[in-house]
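Engineer: Here it is: the structure, laid out below.
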C-alpha cells in the first residue's frame with residue numbers, strides 16, 4: 001500500500017507539469033512567440049507571432065483567412081480611435097507605404113505587398129516610419145518564426161473536427 005501511495009505521490013506532480021506544458025501552446029523561436037488562437041467555442045481563429053521591443057512596444061504578426069496583419073501596441077500611445085495614419089515600412093532596402101488603422105493605443109495594417117512580405121523573412125530590421133517617430137522592430141529569427149506562423153495557420157485551418165465515437169456518414 002505504501003508503494004502504491006508513493007507512486008501516486010510521484011505521479012501527481014508529473015501529471016500537473018505535463019498538463020501545464022500542454023496548456024501552453026506557444027512556441028518560442030528566438031524572441032518571437034507563435035501560437036494558435038481559438039474562439040470561445042473552441043474553433044480555430046488565427047495564428048499569432050509576437051514580441052516586445054526594447055521600447056516596450058508589443059508587435060504582432062497575425063495570419064488568418066484574410067492574410068497577414070501587422071499590429072503594434074503601446075500603453076503610452078494616445079491615438080485617435082478609428083483614425084488612419086500614413087506610414088512607411090522599411091525592411092532593409094524594401095519600402096512599402098500604407099495607412100495604419102488606429103485604436104486608443106494600437107495600430108494595425110493588413111500586409112498586402114507580396115514582395116515586402118517575402119522580404120520580412122530576410123531583413124534584420126523593420127522600420128515603421130511615422131510622422132512623429134521611427135519605430136524599430138528587430139527581425140532576428142524572423143525567417144523561421146514567419147515560416148512557423150504560416151505552418152501554424154495551414155495546420156490548424158485544415159484540421160477537421162471529428163467524433164471518433166460515431167460511425168462517419170457515407171459521402172454521396
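Engineer: Take the residues in segment 28-46 that are in contact with a helix residue (DSSP H, G or I) (Cβ under 6 Å, 6 or more places away or on another chain) and within 13 Å of residue 155 (Cβ to Cβ), then tell me which one is modelled with the highest pLDDT.
Structural biologist: So in segment 28-46, the residues in contact with a helix residue (DSSP H, G or I) (Cβ under 6 Å, 6 or more places away or on another chain) come out as 29, 32, 34, 36, 44.
Filter once more, so that each one left must be within 13 Å of residue 155 (Cβ to Cβ): 34, 36, 44.
Working: 34: 97, 36: 94, 44: 91.
Only one residue tops the list, namely 34.
Engineer: Conditions: (1) in a strand (DSSP E or B); (2) without any contact (Cβ under 8 Å) to a residue 40 or more places away in the chain; (3) surrounded by 17 or more Cβ atoms within 10 Å (Cβ to Cβ). Residue 108 meets all but one. Number of the miss?
Structural biologist: (3)
Engineer: Out of 154, 88, report the one residue that is exposed (fewer than 15 other Cβ atoms within 10 Å of the Cβ) and out of contact with any strand residue (DSSP E or B) (no Cβ under 8 Å at 6 or more places or on another chain).
Structural biologist: 154
Engineer: Here is a follow-up. Just give me the residues in segment 127-160 being free of Cβ contacts under 8 Å to residues at least 60 places away in the same chain and either part of a loop (DSSP other than H, G, I, E, B) or over 16 Å from the mean Cα position of the chain (by Cα) (or both), in sequence order. Give the steps one after another, and end with the answer.
Structural biologist: Taking segment 127-160 and keeping what is free of Cβ contacts under 8 Å to residues at least 60 places away in the same chain, we get 127-134, 139, 143, 147, 151, 154-155, 158, 160.
127, 128, 129, 130, 131, 132, 133, 134, 139, 158, 160, listed by residue number.
Engineer: Continuing with this model, one more query. For the subset of segment 96-105 comprising residues that are in contact with a strand residue (DSSP E or B) (Cβ under 8 Å, 6 or more places away or on another chain) and either touching a residue at least 12 places away in the same chain (Cβ under 8 Å) or within 26 Å of residue 148 (Cβ to Cβ) (or both), which member is surrounded by the most Cβ atoms within 10 Å (Cβ to Cβ)? First the steps, then the outcome.
Structural biologist: In the first step, residues of segment 96-105 are kept if they are in contact with a strand residue (DSSP E or B) (Cβ under 8 Å, 6 or more places away or on another chain); the result is 96-102, 105.
After this cut, where a residue has to be either touching a residue at least 12 places away in the same chain (Cβ under 8 Å) or within 26 Å of residue 148 (Cβ to Cβ) (or both) as well, the list is 96, 98-102, 105.
Numbers: 96: 18, 98: 17, 99: 12, 100: 21, 101: 16, 102: 17, 105: 15.
Within segment 96-105, the match that is surrounded by the most Cβ atoms within 10 Å (Cβ to Cβ) is 100.
Engineer: Against the condition surrounded by 12 or more Cβ atoms within 10 Å (Cβ to Cβ) and assigned to a helix (DSSP H, G or I), how does residue 119 come out, does it pass? Give the steps one after another, and end with the answer.
Structural biologist: Details: surrounded by 12 or more Cβ atoms within 10 Å (Cβ to Cβ): yes; assigned to a helix (DSSP H, G or I): yes.
Yes: the conditions hold for residue 119.
Engineer: Return the only residue of 53, 73, 39 being free of Cβ contacts under 8 Å to residues at least 40 places away in the same chain and surrounded by 13 or more Cβ atoms within 10 Å (Cβ to Cβ).
Structural biologist: Values: 53 fails: free of Cβ contacts under 8 Å to residues at least 40 places away in the same chain; 39 fails: surrounded by 13 or more Cβ atoms within 10 Å (Cβ to Cβ).
None of the others qualify; the one that does is 73.
Engineer: I'm trying to understand the selection: among the residues of segment 56-67, which are in a strand (DSSP E or B), in contact (Cβ under 8 Å) with a residue 60 or more places away in the chain and either in contact with a helix residue (DSSP H, G or I) (Cβ under 8 Å, 6 or more places away or on another chain) or farther than 10 Å from residue 137 by Cα (or both)?
Structural biologist: Looking only at segment 56-67, we keep the residues that are in a strand (DSSP E or B), and these are 58-64, 67.
Now narrow it down to the ones that are in contact (Cβ under 8 Å) with a residue 60 or more places away in the chain: 59, 61, 63-64.
If the condition is that a residue be in a strand (DSSP E or B), in contact (Cβ under 8 Å) with a residue 60 or more places away in the chain and either in contact with a helix residue (DSSP H, G or I) (Cβ under 8 Å, 6 or more places away or on another chain) or farther than 10 Å from residue 137 by Cα (or both), then 61, 63, 64 are the ones that fit.
Engineer: Would you say residue 147 is surrounded by 18 or more Cβ atoms within 10 Å (Cβ to Cβ) and closer than 24 Å to residue 26 by Cβ? Even if it seems obvious, please write down each step before you answer.
Structural biologist: On the way: surrounded by 18 or more Cβ atoms within 10 Å (Cβ to Cβ): no; closer than 24 Å to residue 26 by Cβ: yes.
The answer is no for residue 147.
The values are calculated or read from the model by the stated rules, or taken from the named source; none is laboratory data. Source: prediction; values computed, not measured. Note that each Cβ is placed from the backbone with ideal geometry, even for glycine, and that neighbours are counted across all protein chains shown.
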